[in-house]
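Trainee: Take this structure, written in structure tokens, and hold onto it; I'll ask about it next.
The values are calculated or read from the model by the stated rules, or taken from the named source; none is laboratory data. Since we're looking at a predicted model, the values are computed, not measured. Counting neighbours? That spans all protein chains shown, and the Cβs are built from the backbone with ideal geometry, glycine included.
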Amino acid sequence: MGTETKSNSYTGQISTSGGNPKVMKDSLSLVRQTVNQQSQSNQNQYQNDNDNDNHLNSNSNSYSNATKNQPETNNSNSEKNSTSLTKESKKIIVPFVPIFVEEADVIQGAKELLKVIRPNWDLAHVEFKSFTDGITNKLVGCFHKPATKLKKDDENDVDTDDKQQEPYVPPIKGEEPPVQEDEDEEEEEFTANGETDGLPLQYSDNVVLVRVYGNKTDLLIDRKAETQNFLLLHTYGLAPSLYATFKNGLVYEYVPGTTLNTESVLCPEIWPLVARRMAEMHRKVRKNVGDIIGGGATAAVATSADTNVDAVKPLPMIWTKTQSFLDLVPERFSDAEKHKRVKGTFLPIGRLREEFNSLYKYLVALDSPIVFSHNDLLLGNVVYTKSMKTVNFIDYEYADYNFQAFDIGNHFAEMCGVDEVDYTRYPKREFQLQWLRVYLEEYLQRTNIQSAEVDWLYVQVNQFALASHIFWTVWSLLQAEHSTIDFDYVGYAFLRYNEYLARKEEFLSLTAAASQKNNK
């Protein structure tokens, strides 16, 4: 739930206001000189890899390294060879722009960033859209649409329509990205590559997203690790391009489509895409020892398969993050009213720590596989592109190794919404079993999934959903102390913890045998 797109993110108002960001002027000229060279170098590297030696490709969706936790697949040896890692690390160079963007001056800060990373853009033809639904960070979209001449009159060779082309703007809730078309023509269909009569979907060429970190969010999120995960997932074709980092944020590629809501996430044409996409991430993504280096500006995205990190079993994110969050929750909140609201239930914080530790001990015994997980798949972090029949996951602040069942259980819990939480929306057992079967088909790479396999995963997922509730409860308490965003974090903490208490006995009583009996 820690992201800027908690519901549909395309509801902000276009703005051109803002003050002056804090800029280190003496360093910007160097960045401007190198940014285009770096981008071209990355493109050439990927092209060479694809053409010459089966190395990693930035658009590839076929990465697969054998590990002890990875399920067996039916893939041939030739596929394994085509996805093997090379001995030499490959580097993605991500420019660092020495700018600090004030939260109150995000638009102006975005302009300064564009001068560096998009020096060929005419800012007079850039529209800025502030996305207002965030409860962790601030996000602004930069939409570039230069003026171009339209149709010419055959006889007079003069403009018959002197209007500029309309600037591209993101879709509103429930809509696909708009397509420029003649008023008297029928609506055109997108082709598989996202084009219609030569007109491409609006990807990176004319849209840039600028995300400014929220106040004190560095207490919750390892920003260096976030950048590394962004690049790692991009190499697997599971994340958009990261264009640049700056002192308190990221600049990255826009993913076209619409974010899910509590209705669309249940649509039969959408939920299987989500299940398969998550399974693909869990099955393919592997960090290698030393595969990510540098201070957020340089990252190696491939190393020898001989040094796979799974040789040393990683600690699950849910344990490490929850413990660090618990350490940071104050025993006395700086806001007296907030302190009054939380003290009876959550303070002293040691009680909540004991509750989590007891639950965690139980969950570890379930032996859920540890996989590379998103860990924050609320509905606003799933983008559906109808024309291409695909979904993409965005925002990787909490991506890390974790229990497989946590990632799924967290997603199920997030189906209940954020701004208007209704836990009667928690997916019913019949829906979960269908979802989990599709997931297992992709994760295990076979179609003969046994009912016992689905039932056992069902038990694990719902019990790990309890850990999701505690995790976001503690997260909310930290945000309540530090965030400047207008959101009732204390109220949200109560919602999550009350749901944990309400479901605890029911979910912990689940067993695979009981699940199979109920399925008959």
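Trainee: Looking only at the range 331-357, count how many residues are in contact (Cβ under 8 Å) with a residue 12 or more places away in the chain and over 18 Å from Tyr489 (Cβ atoms).
Mentor: The qualifying residues number 4.
Trainee: Which of the residues that make up the range 479-488 are surrounded by fewer than 22 Cβ atoms within 10 Å (Cβ to Cβ) and in contact (Cβ under 8 Å) with a residue 24 or more places away in the chain? Steps first, answer last, please.
Mentor: In the first step, residues of the range 479-488 are kept if they are surrounded by fewer than 22 Cβ atoms within 10 Å (Cβ to Cβ); the result is 481-488.
Scanning the range 479-488 gives Glu481, His482, Ser483, Thr484, Ile485, Phe487.
Trainee: Can you say whether Glu430 is in contact with a Ser or Thr (Cβ under 7 Å, 6 or more places away or on another chain), in a helix (DSSP H, G or I) and either more than 17 Å from Asp367 (Cα to Cα) or hydrophobic (A, V, I, L, M, F, W, C) (or both), as far as the supplied structure shows? Full working, then the answer.
Mentor: On the way: in contact with a Ser or Thr (Cβ under 7 Å, 6 or more places away or on another chain): no; in a helix (DSSP H, G or I): yes; either more than 17 Å from Asp367 (Cα to Cα) or hydrophobic (A, V, I, L, M, F, W, C) (or both): yes.
Answer is no for this residue.
Trainee: Being surrounded by 24 or more Cβ atoms within 10 Å (Cβ to Cβ), aromatic (Phe, Trp, Tyr) and closer than 20 Å to Thr511 by Cα narrows it down to one of Phe372, Phe406, Phe412, Phe431, so name that one. Spell out how you get there, then give the answer.
Mentor: Numbers: Phe372 fails: closer than 20 Å to Thr511 by Cα; Phe412 fails: surrounded by 24 or more Cβ atoms within 10 Å (Cβ to Cβ); Phe431 fails: surrounded by 24 or more Cβ atoms within 10 Å (Cβ to Cβ).
The conditions single out Phe406.
Trainee: Continuing with this model, one more query. For the range 358-415, please list each of the strands (runs of 3 or more DSSP E) lying entirely inside it that holds at least 3 residues being β-branched (Val, Ile, Thr) and farther than 21 Å from Thr217 by Cα.
Mentor: It comes to 382-385.
Trainee: Quick one: Glu505 ticks every box in (1) farther than 26 Å from Leu273 by Cβ; (2) in a helix (DSSP H, G or I); (3) within 27 Å of the chain's Cα centre (by Cα) except a single one, so which number is it?
Mentor: (3)
Trainee: Cβ contacts < 6 Å: first residue within 15 Å of Thr385 (Cβ to Cβ), restricted to the range 258-281; second residue charged (D, E, K, R), any location; separation 6+ or different chain. Result?
Mentor: Sorted first by the residue in the range 258-281, then by its partner, the pairs are Arg276/Glu442.
Trainee: Being free of Cβ contacts under 8 Å to residues at least 60 places away in the same chain and either buried (at least 19 other Cβ atoms within 10 Å of the Cβ) or assigned to a helix (DSSP H, G or I) (or both) is the filter here; which residues of the range 442-461 pass it?
Mentor: At the first step, the residues of the range 442-461 found to be free of Cβ contacts under 8 Å to residues at least 60 places away in the same chain are 447-450, 453-454, 456-458, 461.
Selection gives Glu453, Val454, Trp456, Leu457, Tyr458, Val461.
Trainee: Could you check the range 256-300 and list, in sequence order, the residues that are of a type in the set (Asp, Glu) and either closer than 28 Å to Val207 by Cα or at pLDDT 95 or above (or both)?
Mentor: In the first step, residues of the range 256-300 are kept if they are of a type in the set (Asp, Glu); the result is 263, 269, 280, 291.
Listed by number, the residues that qualify are Glu263, Glu269, Glu280.
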